[in-house]
Ligand code: DX5
Ligand code: ZN
């Protein structure tokens, strides 16, 4: 299991320290939640702060867009050369076109599914994707409870993924902790995002290790 700590739960007064701390603790990706106050009822960070995160990070960035006008934000963040940019299927009229655009910028494209979105909607997109991110909370905030039916969704997505594009990774985001990580691994998750569980832990290195199952 790869581990992508969500910086949303970091101490923003000590952002550089917290980003270095998760990287030194051996995380695989640094998950960055970009919210615009329109697609989700919360507003987080823009290019100035994401640049500062990129400068502090020694691990690749995994940028999760929760915005309207995805193309604008893809162009904004492309110069930071993140490993992944993921956008919500629910907010994109032309997902296939945007996938091509992200890839043309040298970034690995990913799609995010909200809790209500069926995995089968990806049937004709999976072959072009490097990752699918399944939301196990409603996007917008850290520290929410895990929605249990995400497990069944992961299992259905894994069947499709194995048939269409076995190289495409499956990521989970929301309410992930040491109590549900084994179940998620067994369902087919390759990468877990975790925010409040990791950053509220007294020993973040140990907390990351508990997710590496
Ligand atoms: C929610 C974000 C998540 C969030 C996860 O919209 O996409 O990345 O930070 O936080 P926890 O792990 O606390 O649910
Ligand atoms: Zn996220």
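Every number in this text was worked out from the coordinates using simple rules, so none of it is lab data. Note that the coordinates shown come from a computational prediction; the quantities given were computed from them, not determined experimentally. Positions of Cβ are generated from backbone atoms using ideal geometry, with glycine treated the same way; all protein chains shown enter the neighbour counts.
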Checklist entry - Using 7 Å Cα-to-Cβ label points, what is the residue 206/residue 43 separation (nm, one decimal)? => result 3.9
Checklist entry - Between residue 55 and residue 156, what FRET efficiency comes out of the Förster formula 1/(1 + (r/R0)^6) with R0 = 35 Å and r the beta carbon distance, rounded to 0.05? => result 0.35
Checklist entry - With a 10 Å Cβ neighbour count serving as the proxy for reagent exposure, in which order, fewest first, do 21, 212, 161, 97 appear? => result 97, 212, 21, 161
Checklist outcome for this item: Going fewest to most other Cβ atoms within 10 Å around each Cβ, 66, 35 line up as 35, 66
Next on the checklist: Report the Cα centroid-to-centroid distance between the stretch 53-104 and the stretch 122-184 in angstrom, as an integer.
Outcome noted: 18
Next on the checklist: Just to verify a number: FRET efficiency for residue 14 and residue 75, C-beta to C-beta distance, R0 = 35 Å, to 0.05?
Outcome noted: 0.70
Next on the checklist: For 27, 192, 168, which order do you get if you count the other beta carbons within 10 Å of each Cβ and list the fewest first?
Outcome noted: 168, 27, 192
Item to check | Prolate/oblate/rounded call for the stretch 2-211, Cα gyration tensor, a/c under 1.5 rounded | outcome: oblate
Checklist outcome for this item: In the stretch 35-136 the DSSP beta bridges are antiparallel at a rate, in percent to nearest 5, of 5
Next on the checklist: For a test of the definition: using alpha carbon positions, the gyration tensor, and the 1.5 limit on a/c, classify the stretch 125-166 as rounded, prolate or oblate.
Outcome noted: oblate
Checklist entry - Considering only DSSP beta bridges whose two residues both sit in the chain, what percent are antiparallel, to the nearest 5? => result 5
Checklist entry - How far apart, in nm, are two points set 7 Å out from the Cα along the Cα-to-Cβ line at residue 116 and at residue 100? => result 3.0
Next on the checklist: Compute the distance from the alpha-carbon center of the stretch 4-35 to that of the stretch 185-213, in whole Å.
Outcome noted: 13
Item to check | Cα shape, the stretch 14-60, gyration tensor, a/c 1.5 rule | outcome: prolate
Item to check | Cut-off 17 Å, label 7 Å out along Cα→Cβ of residue 2, residues of the stretch 192-207 by amide N | outcome: 192-195
